[in-house]
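Below is one structure, written out as C-alpha cells; comments come after it.
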Amino acid sequence: MSTEIRLSQHTAILIEHAKRAGMSEQSLLHAVQSNDISAFEQVKEEHYNYTDLFTYSVEHGEKLAEAIAGGYRITFNTRNGLKIWLEKFLGQDSERDFQVGEGIIEGLLVNEQQAEVIHQRLAANWIVAESKEVMNGKELTLKLRAPEVII
C-alpha cells in the first residue's frame, strides 16, 4: 500500500461482514464501483445495514474501491469495534476463540497472512504488543496504545 487508504471502523466492519457473509471481493468491488446498493441485500442483517454506505463514504472522503482492491487502515478502533472487526475478518467468536479485556485482546490465533493484514488494518491507537510463533501460525496480543507520560 503506497498511499494509505483510511476507513472508519464502521465502514471496515461492513466490508468484512459482506465478505464473511459470502460476497466475493470482485462482487463487492463491482457493487462499490457501480454504486449498486442493492448488491448488498444478500448480506444485510439487523446490525449490518448498507443503506448509508455510499453517502457516508462520499461525505467522509473514503475511497471504498481502492480500499477493497488494495487494503486500508482503520482510522480509530474502539475495543468493541475492534472485537467485532476481528470476528468478521477472522470468522472467529470472541466468546470462544479469543479474550477481550480492558485495553487488551489476547489469544488471537492467526496464520501469517492474517497477522500481516491485522497489522496493516489496525488503527494507530492499538498495537500488536506480542506475536508468538505457534503451531500453524501466530498468537497475537493487541493492546491499546498508552499515551506517553512525561514526568
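The values are calculated or read from the model by the stated rules, or taken from the named source; none is laboratory data. Since we're looking at a predicted model, the values are computed, not measured. Heads up, the Cβs are rebuilt from the backbone with ideal geometry, glycines too, and the neighbour counts pull from every protein chain shown.
Scan 86, 108 and give me the residue that is under 22 Å from residue 133 (Cα atoms), assigned to a helix (DSSP H, G or I) and without any contact (Cβ under 8 Å) to a residue 60 or more places away in the chain.
Numbers: 108 fails: assigned to a helix (DSSP H, G or I).
86 is the lone residue from the list that is under 22 Å from residue 133 (Cα atoms), assigned to a helix (DSSP H, G or I) and without any contact (Cβ under 8 Å) to a residue 60 or more places away in the chain.
Regarding segment 94-105, can at least one residue be identified that is at pLDDT 95 or above, closer than 14 Å to residue 13 by Cβ and surrounded by fewer than 19 Cβ atoms within 10 Å (Cβ to Cβ)?
There is at least one residue in segment 94-105 that is at pLDDT 95 or above, closer than 14 Å to residue 13 by Cβ and surrounded by fewer than 19 Cβ atoms within 10 Å (Cβ to Cβ).
For segment 47-103, name all the residues that are within 16 Å of the chain's Cα centre (by Cα), under 24 Å from residue 27 (Cβ atoms) and among the acidic types (Asp, Glu).
62, 66, 87
Name the residue, out of 4, 16, that is charged (D, E, K, R), assigned to a helix (DSSP H, G or I) and touching a residue at least 40 places away in the same chain (Cβ under 8 Å). Show your work before the answer.
Working: 4 fails: assigned to a helix (DSSP H, G or I).
On inspection, the qualifying residue turns out to be 16.
Which of the residues that make up segment 33-47 are on the phi < 0 side of the Ramachandran plot and touching a Phe, Trp or Tyr at 6+ places or on another chain (Cβ under 8 Å)? Write out each step before concluding.
Start the filter on segment 33-47 by keeping residues that are on the phi < 0 side of the Ramachandran plot, which leaves 33-34, 36-47.
37, 40, 43, 44 - these are the residues of segment 33-47 that are on the phi < 0 side of the Ramachandran plot and touching a Phe, Trp or Tyr at 6+ places or on another chain (Cβ under 8 Å).
Search segment 111-151 for residues being of a type in the set (A, V, I, L, M) and part of a loop (DSSP other than H, G, I, E, B), and hand back the single one that is surrounded by the most Cβ atoms within 10 Å (Cβ to Cβ).
So in segment 111-151, the residues of a type in the set (A, V, I, L, M) come out as 115, 117-118, 122-124, 127-129, 134-135, 140, 142, 144, 146, 149-151.
From what's left, part of a loop (DSSP other than H, G, I, E, B): 122-124, 135, 146, 149-151.
Details: 122: 19, 123: 21, 124: 11, 135: 6, 146: 9, 149: 5, 150: 4, 151: 2.
Filtering first and then ranking leaves 123.
Take residue 89 and decide whether it is surrounded by fewer than 18 Cβ atoms within 10 Å (Cβ to Cβ) and within 21 Å of residue 6 (Cα to Cα). Give the steps one after another, and end with the answer.
Numbers: surrounded by fewer than 18 Cβ atoms within 10 Å (Cβ to Cβ): no; within 21 Å of residue 6 (Cα to Cα): yes.
No.
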